[in-house]
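Written below as C-alpha cells is the structure these notes are about.
None of the figures in this text is laboratory data; all of them are computed from the coordinates on show. Predicted model, so just to flag it, every value in this text is computed and none were measured. So basically every Cβ, Gly included, is an ideal-geometry build from the backbone, and we count neighbours across all protein chains shown.
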C-alpha cells in the first residue's frame, strides 16, 4: 500500500540508501523494487547488494558500476553515471533520467520519468537527493 509524504521527507530504502522527496506517494513493489510518484513524475528504484569480491575484499563503487560505465555524477556517499532519454509512449513525450549509482558493495538503478523537458533540473535534484551511508 502506498504511503503519502504530505510535506515531503526522507525515505529509508535498504542497503544503506535513503532518498529525500517532495510531496509524493511511495511504496515497495511486489517485485522488490521501490517507486515514488506525484502528478507529473515517477521514480523507479532497484537496489542490489553483494558480499564483496571473490577474494573477500569489498567491491568498490566503480566496480559495482561496471567497467563499461562512465562516472559523470557524484552524490552523498555514491558515484554514478547518468543520461537523459527522450521517448514517445502512446504518442506522448516521456523523458527519463536514467542513473546508475554505486557505493561499496551496492548499486542502485534510479530512473526518474517526467513529461516536460523543463523538468530535467527537478529530476536531477531528485537524483542528487539520494544518499548512501556504509
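For the reader, a short list of remarks on this structure follows.
- Listed peptides 3-13, 36-46 by packing density, highest first (mean Cβ within 10 Å): 36-46, 3-13
- The chain - mean residue ellipticity at 222 nm from DSSP helices (-39,500 (n - 2.57) per run, n ≥ 4, rounded to 500): -2500 deg cm²/dmol
- Ordering of 122-133, 87-98 by packing is 122-133, 87-98, highest average first (other Cβ atoms within 10 Å, averaged per residue).
- Pairwise centroid distance, computed over Cα atoms, of segment 58-134 with segment 16-45, Å: 14 Å
- With a cut-off of 17 Å on the backbone N, the residues of segment 1-31 near the modelled label site 7 Å out from residue 38 along Cα-Cβ are 3-11, 19-27.
- Rounded to two decimals, the Cα-based Rg/Rh of the chain, with Kirkwood Rh, is 0.98.
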